[in-house]
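Q: Following this message is one structure expressed as structure tokens.
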There are 2 protein chains.
Amino acid sequence: MSIEHEFIDWVKHLCDPVSPKRVLLGIGDDAAVVDHGDHLTVISTDLLADQVHFILGETPNHLIGRKALAVNLSDLAAMAAEPVSAVVSLLLPRSMELEQAQEIFVGLKELADQFSVAIVGGDTNCHDGPLVINCAVTGVVPQDRDVANTWNMSAAKPGDVVLVSGYFGNSIAARHLTFEPRIELARYLAKNYAIHAATDITDSLAIDLAAVAKKSGCGVKVILADIPLSESAKTLEKSRAGATATIGVDKELQIPASVASALFDGEDFELAVAVDPRVAEKILADEQLPCLLTCIGAVTSSPVFEVVDADEQVVEIFPRGYEH
Amino acid sequence: MSIEHEFIDWVKHLCDPVSPKRVLLGIGDDAAVVDHGDHLTVISTDLLADQVHFILGETPNHLIGRKALAVNLSDLAAMAAEPVSAVVSLLLPRSMELEQAQEIFVGLKELADQFSVAIVGGDTNCHDGPLVINCAVTGVVPQDRDVANTWNMSAAKPGDVVLVSGYFGNSIAARHLTFEPRIELARYLAKNYAIHAATDITDSLAIDLAAVAKKSGCGVKVILADIPLSESAKTLEKSRAGATATIGVDKELQIPASVASALFDGEDFELAVAVDPRVAEKILADEQLPCLLTCIGAVTSSPVFEVVDADEQVVEIFPRGYEH
């Protein structure tokens, strides 16, 4: 049992409440919202380490760098912020060849260029240990919006429906390295629709939706058959010859391995939003959407996480996910 | 020979020029200046690792956390920016006890509170490796100033004098962990005087002054007898029984170990500024200065680093410093 979760909870408690004068949204959401004067700067940071988030020597070098920035951009997307800048800290194994470090950085820089993110600084050191990359990013909320339009995790309402982008499951096969941060989708939704709450799916669909529900004082109900499964998750299930997983708090429920992977494996880095059902209807009918959105369930008033199976059985589950 | 320096140079080249629309000052200075809208946000990041910047188990835990933030605040001071926020990434050894992680974070938080820095986010992971802490900080330039008053390293002029805060040498004994980021001094100087260029002394007095000189297309001349030596540096010399170091490019110069430590050891985290001599005169006569400032030399037109010894011999030296 690592001390990580206990430590994070303790840090949150220690730093809360943050000064309301400057900080509009601090620790605990996908990124922070800080008032630096006449506008809002959104800041986020993520650290990746060899053997935890990638395997040096197995993971293609440029995809390591790409992921280091992409996970941060995914946080900005979950805030509906436009990315502006990044600072990059690298702790390199002393034995690493220059070319390899360059390949890693190129992957990061290419993604930065794709999203017009300026890499504005950093810190590079070598040590006798594993590769570590930290990015911190800033973004802004466009002037035609105010803080109410900087999405957060705590404003979902009972009756809201839950929409998710893309596909889920078995992201470890490749997508955790190649996913598209949902900046464009977030920009489009923030401009055109009232979104109650949003998050990106990092730990797992179950954990991250449960976090939105908990912060909003609600529960969530997910219709298992409606979760969009990735091709990779479907393949996973075939390779496991129809294996199932058993979930459920009070009663047991058998679900296919593909669905379990979609619910619990994490690192899908898709966007999930909670919206009023009438708004959801308009969104789902919108032909200009930059990517697929799927309704997978609803926000409930009872503070539990429930799933609905093919027989319309409703079963409460424990959210779990990938432990980094 | 580690790849660190070559890699950093390569990164700078790859990222330069950054988009002029948003980034007023990018990689290569103490921190970045980014225009997020109607004002300037200053961003900096630094990563500390066990066995490189501190020794876990020997360094007091709270001073590890303190240093992780302090080195970043020192960067903001070198930009004359007011600190606003920090994000903190921690990579903890899997075997670390919660209490130790908390002690480290408390040291960081106490310094944050002292300078009204809001810790607005972070990322914590565990791994089978050494402790790593990354901070990224933001600061703002007060509204009564513009970018010309955000100090940088490249606007020193021949004839400027070089003023430094505090004392130098043997910081490894304690001050690299306990130094006061020069935020207050920077605030006072920026408000009251025209500063041409500034930096904080991290790698070494020699390396960092040489960097200012090089970026400004100038050289620098340091009067060795005028470098304010720390008590610790003086003690170091006594303990080494009058040991000397030999420096010099074309001719050899013997200097006391205390002076060599002040010039080359680094991690003093003092502020150095280049100012017009008439301004320097006023600054040095100012009784409201929040800390000691000392004139230690001048900016020259010839692009070399020279030192002047007690016999008024002028000797060119190679700047060197602490290799992290």
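The values are calculated or read from the model by the stated rules, or taken from the named source; none is laboratory data. Everything numeric in this text was worked out from a predicted model, so none of it was measured. Note that each Cβ is placed from the backbone with ideal geometry, even for glycine, and that neighbours are counted across all protein chains shown. Just so you know, the surface numbers come from the protein's heavy atoms only, side chains and all, with ligands and any DNA or RNA stripped out. Shrake-Rupley method; radii C 1.70, N 1.55, O 1.52, S 1.80 Å.
Q: Take B:Glu267 and decide whether it is surrounded by 15 or more Cβ atoms within 10 Å (Cβ to Cβ) and out of contact with any helix residue (DSSP H, G or I) (no Cβ under 6 Å at 6 or more places or on another chain).
A: So B:Glu267 does not fit the description; no.
Q: Looking at the stretch B:229-247 only, could you name the residues that are of a type in the set (Gly, Ala, Ser) and at pLDDT 80 or above?
A: Correct list: B:Ser230, B:Ser232, B:Ala233.
Q: Still on this structure: Sort out which residues of the stretch B:55-71 are open to solvent by 10 Å² or more (accessible area, probe 1.4 Å) and more than 30 Å from B:Lys191 (Cα to Cα), and write them in order of number.
A: Within the stretch B:55-71, B:Ile55, B:Leu56, B:Gly57, B:Glu58, B:Thr59, B:Pro60, B:Asn61, B:His62, B:Leu63 meet the criteria.
Q: If I filter the stretch B:282-289 for residues that are open to solvent by less than 50 Å² (accessible area, probe 1.4 Å), polar (S, T, N, Q) and either free of Cβ contacts under 8 Å to residues at least 24 places away in the same chain or touching a helix residue (DSSP H, G or I) at 6+ places or on another chain (Cβ under 9 Å) (or both), do I get at least one hit?
A: Scanning the stretch B:282-289, I find no residue that is open to solvent by less than 50 Å² (accessible area, probe 1.4 Å), polar (S, T, N, Q) and either free of Cβ contacts under 8 Å to residues at least 24 places away in the same chain or touching a helix residue (DSSP H, G or I) at 6+ places or on another chain (Cβ under 9 Å) (or both), so the answer is no.
Q: Hey, another quick one. Answer yes or no as to whether B:Lys234 is among the basic types (Lys, Arg) and under 19 Å from B:Ser154 (Cβ atoms). So that I can check it myself, show each step before the final result.
A: Details: among the basic types (Lys, Arg): yes; under 19 Å from B:Ser154 (Cβ atoms): no.
Here the answer is no, as B:Lys234 does not meet what is asked.
Q: I've got another one for you. (1) surrounded by 20 or more Cβ atoms within 10 Å (Cβ to Cβ); (2) more than 30 Å from B:Asp113 (Cα to Cα): which one isn't true of B:Arg182, the others all being true?
A: It fails just one condition, (2).
Q: Tell me yes or no: at least one residue of the stretch A:116-129 is within 12 Å of another protein chain (Cβ to nearest Cβ), surrounded by fewer than 24 Cβ atoms within 10 Å (Cβ to Cβ) and under 30 Å from A:Val275 (Cβ atoms).
A: Checking the stretch A:116-129: at least one residue is within 12 Å of another protein chain (Cβ to nearest Cβ), surrounded by fewer than 24 Cβ atoms within 10 Å (Cβ to Cβ) and under 30 Å from A:Val275 (Cβ atoms).
Q: Going by what's in this entry, would B:Thr235 be described as within 18 Å of the chain's Cα centre (by Cα), of a type in the set (S, T, N, Q) and surrounded by fewer than 22 Cβ atoms within 10 Å (Cβ to Cβ)?
A: The answer is no for B:Thr235.
Q: Let me ask you something else. Please go through the stretch A:258-307 and give me each residue that is more than 23 Å from the chain's Cα centre (by Cα) and of a type in the set (A, V, I, L, M), ordered by number.
A: Within the stretch A:258-307, A:Ala285 is the sole residue that qualifies.
Q: For the stretch B:142-179, which positions are open to solvent by less than 20 Å² (accessible area, probe 1.4 Å), among the aromatic types (Phe, Trp, Tyr) and modelled with pLDDT of 95 or more?
A: Residues satisfying the conditions are B:Phe168, B:Phe179.
Q: Within the stretch B:72-105, count every residue that is open to solvent by less than 10 Å² (accessible area, probe 1.4 Å), of a type outside the set (Gly, Ala, Ser) and more than 9 Å from chain A (Cβ to nearest Cβ).
A: 5
Q: Right, next: Would you check which residues across the stretch B:42-59 are more than 7 Å from every other protein chain (Cβ to nearest Cβ) and either β-branched (Val, Ile, Thr) or farther than 18 Å from A:Cys135 by Cβ (or both) and list them?
A: Across the stretch B:42-59, the qualifying residues are B:Val42, B:Asp50, B:His53, B:Phe54, B:Ile55, B:Leu56, B:Gly57, B:Glu58, B:Thr59.
Q: Also: State whether the residues of the stretch A:53-64 include one that is touching a Leu at 6+ places or on another chain (Cβ under 6 Å) and over 25 Å from B:Leu69 (Cβ atoms).
A: Within the stretch A:53-64 (the criterion being touching a Leu at 6+ places or on another chain (Cβ under 6 Å) and over 25 Å from B:Leu69 (Cβ atoms)), the answer is yes, since at least one residue qualifies.
Q: Out of the residues in the stretch A:191-208 that are hydrophobic (A, V, I, L, M, F, W, C) and open to solvent by 10 Å² or more (accessible area, probe 1.4 Å), which is farthest from A:Val304 (Cα to Cα)?
A: A:Ala194
Q: Look at the stretch B:244-255 and say how many of its residues are open to solvent by 30 Å² or more (accessible area, probe 1.4 Å) and touching a Leu at 6+ places or on another chain (Cβ under 9 Å).
A: 1
Q: Tell me, which strands (runs of 3 or more DSSP E) lie completely within the stretch A:30-138 with 1 or more residues that are within 18 Å of B:Val120 (Cα to Cα) and at pLDDT below 90?
A: Once the strands (runs of 3 or more DSSP E) in the stretch A:30-138 are filtered for at least 1 residues that are within 18 Å of B:Val120 (Cα to Cα) and at pLDDT below 90, what remains is A:32-35, A:40-49, A:82-93.
Q: Kindly provide the set of residues from the stretch B:169-195 that are in a helix (DSSP H, G or I) and within 24 Å of B:Lys221 (Cβ to Cβ), ordered by number.
A: Of everything in the stretch B:169-195, those that are in a helix (DSSP H, G or I) and within 24 Å of B:Lys221 (Cβ to Cβ) turn out to be B:Ser171, B:Leu185, B:Leu189.
Q: Here's something else I'd like to know. Starting from the stretch B:54-67, keep only residues that are without any contact (Cβ under 8 Å) to a residue 60 or more places away in the chain, then list their pairs with residues that are among the β-branched types (Val, Ile, Thr) whose Cβ atoms are within a distance under 6 Å, requiring at least 6 positions of separation or different chains.
A: Qualifying pairs under 6 Å: B:Asn61/B:Ile104; B:His62/B:Val106.
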